[in-house]
Amino acid sequence: MSASQLGTSKKRTWSEVNRSRKEEKRKWREINLEKKLEKQKQKAKTKENQLLENKEHSKSVKPFSTLSIAVPGSILENAQSAELRAYLAGQIARAACIFQADEVIVFDDYAEEAGVKKAKFDDGKGEQLARHSCVQLGRILQYLECPQYLRKSFFPIHKDLQYCGVLNPLNAPHHLGPKDGFIYREGVVLNTPVKAEKGSVVNVGLLKLVRVDKVLVPGIRCTVKLLPQDSNNKKLKGVVVSPLLPRSDTGIYWGYSVRIANSLSKVFSQCPYKEGYDISIGTSDKGASVDNFECPKYKHLLVMFGGLQGLEAALENDNVLDADDPSLLFDYYLNTLPQQGSKTIRTEEAILVSLAALRPKLNPEYKLPIFDGSSEEFSENSNKPDVENTRKESISAEGTQDKADDMSRFDSD
């Protein structure tokens, strides 16, 4: 090193060195600040786009006409064994699904009978005490309506469900498999920690979990609409929608709800629709012939079936209703199978016969779009969920993958 170079290096004092370091720090602070501001702008823009996207995807539910059927729970008491009781309930569930019933009401045709065995039933709005046969029928109906991959989350081991594993499956449209590409799915909210400004994680029966737009209570059932996906993300994206939206939007049948009424009168008084049932139809061999029936337009239709002793016994046991003739309770009192060959028609048979006879005559005010499967796939510009991963990865992700109706764990007593 030359003398001149040594001279120049000695000229820098400590104050000059500190000053230069401070300038460098200031420049780095400015660069970091610019980066932070850019990130905040990008975050705000992304959030705004998500809100607009969610509003676009969360359509309001269009009104549509509904069909409700009311069945007495006492029909299970006429079955000779626990296996036959379960099978009878399965037949009613199948009939409700085949004819696209929106609501199944299980009513107690013996009303508040003293000393009868009672049980608790949860219809999603709260628990209530009811006759055990009504509760068992309602519970099996709920179990069969629930998609298979959600059953472990909502139905713990119970004696009422002991033989449900051998029942015929409903095979309803919302019972989707991991490779089905429909945009709506039923799911359960997982107990996964929620990050800031992000929604809950939901298991919808796919090989990937779904991150929704809202923070929900863990353990509840929800309906999710899947959004266009990015294949690089570990989780899919979706928005929580009304359980009525899939049916309203596409016309696809999306299952039924189950309600228990402790008497005949409560079938009407506890109706979930604000304006009640527009048309009520009672079925009996003493009614008018269905051949001459002309159905007026309706928003909400109720079809009621009697038990072993018919609707007459249900009316007689009800302390609230003051009528003597059950035909006075309904807008129409119909015999859905005139000139029947058997002296009696069982309730599970009457449901199939009656709904088949009424179906071509129904006149709903709000008609649903005909589901042709065209909305079954995702849009061409979006990626489908990755369904090619192994089933083992799906099970290890959250441990929530359901096995196919394994009922062998139920107690034998």
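The values are calculated or read from the model by the stated rules, or taken from the named source; none is laboratory data. Everything numeric here is computed off the predicted structure, so don't read it as measured data. Here the Cβ is made from the backbone with ideal geometry for all residues, glycine too, and neighbour counts use every protein chain on show.
Observations, loosely collected:
- Condition broken by Ser133, with the remaining ones in (1) among the polar types (S, T, N, Q); (2) in contact with a helix residue (DSSP H, G or I) (Cβ under 8 Å, 6 or more places away or on another chain); (3) not in a helix (DSSP H, G or I) satisfied: (3)
- Within the set Ala96, Ala89, Ala114, Ala119, the sole residue that is assigned by TED's automatic domain parsing to the domain that holds Gln309, more than 17 Å from Phe268 (Cα to Cα), among the aliphatic types (A, V, I, L, M) and part of a loop (DSSP other than H, G, I, E, B) turns out to be Ala114.
- Residue among Gly219, Gly205, Gly187, Gly177 that is at pLDDT 90 or above and not in a loop (DSSP other than H, G, I, E, B): Gly187
- Some residue of the stretch 312-335 being free of Cβ contacts under 8 Å to residues at least 60 places away in the same chain, in a loop (DSSP other than H, G, I, E, B), in contact with an Asp or Glu (Cβ under 9 Å, 6 or more places away or on another chain) and farther than 30 Å from Ser248 by Cβ: yes
- Of the residues making up the stretch 153-200, just one is touching a strand residue (DSSP E or B) at 6+ places or on another chain (Cβ under 6 Å) and surrounded by fewer than 18 Cβ atoms within 10 Å (Cβ to Cβ), namely Thr192.
- Residues considered: Ala172, Ala196. Of these, the only one that is among the small types (Gly, Ala, Ser), touching a residue at least 40 places away in the same chain (Cβ under 8 Å) and not in a strand (DSSP E or B) is Ala172.
- Residue within the stretch 80-102 that is of a type in the set (Phe, Trp, Tyr), farther than 17 Å from Ser354 by Cα and within 18 Å of the chain's Cα centre (by Cα) present: no
- Flag for Asp386 being at pLDDT below 95, under 30 Å from Gly282 (Cα atoms), acidic (Asp, Glu) and not in a helix (DSSP H, G or I): no
- Every listed requirement among (1) farther than 19 Å from Ile260 by Cβ; (2) of a type in the set (D, E, K, R); (3) touching a helix residue (DSSP H, G or I) at 6+ places or on another chain (Cβ under 8 Å) is met by Asp322 save one, (3).
- Leading residue by the ranking (farthest from the chain's Cα centre (by Cα)) among those in the stretch 222-234 that are under 21 Å from Asn191 (Cβ atoms) and in a strand (DSSP E or B): Val224
- Those residues of the stretch 99-111 which are in a loop (DSSP other than H, G, I, E, B), at pLDDT 95 or above and not hydrophobic (A, V, I, L, M, F, W, C), in sequence order: Gln100, Asp102
- Selected residue (only one of Tyr332, Tyr277 is farther than 18 Å from Cys134 by Cβ and in contact with a Cys (Cβ under 7 Å, 6 or more places away or on another chain)): Tyr277
- Residue in the stretch 285-299 that is under 23 Å from the mean Cα position of the chain (by Cα) and crowded, with 19+ Cβ neighbours inside 10 Å present: no
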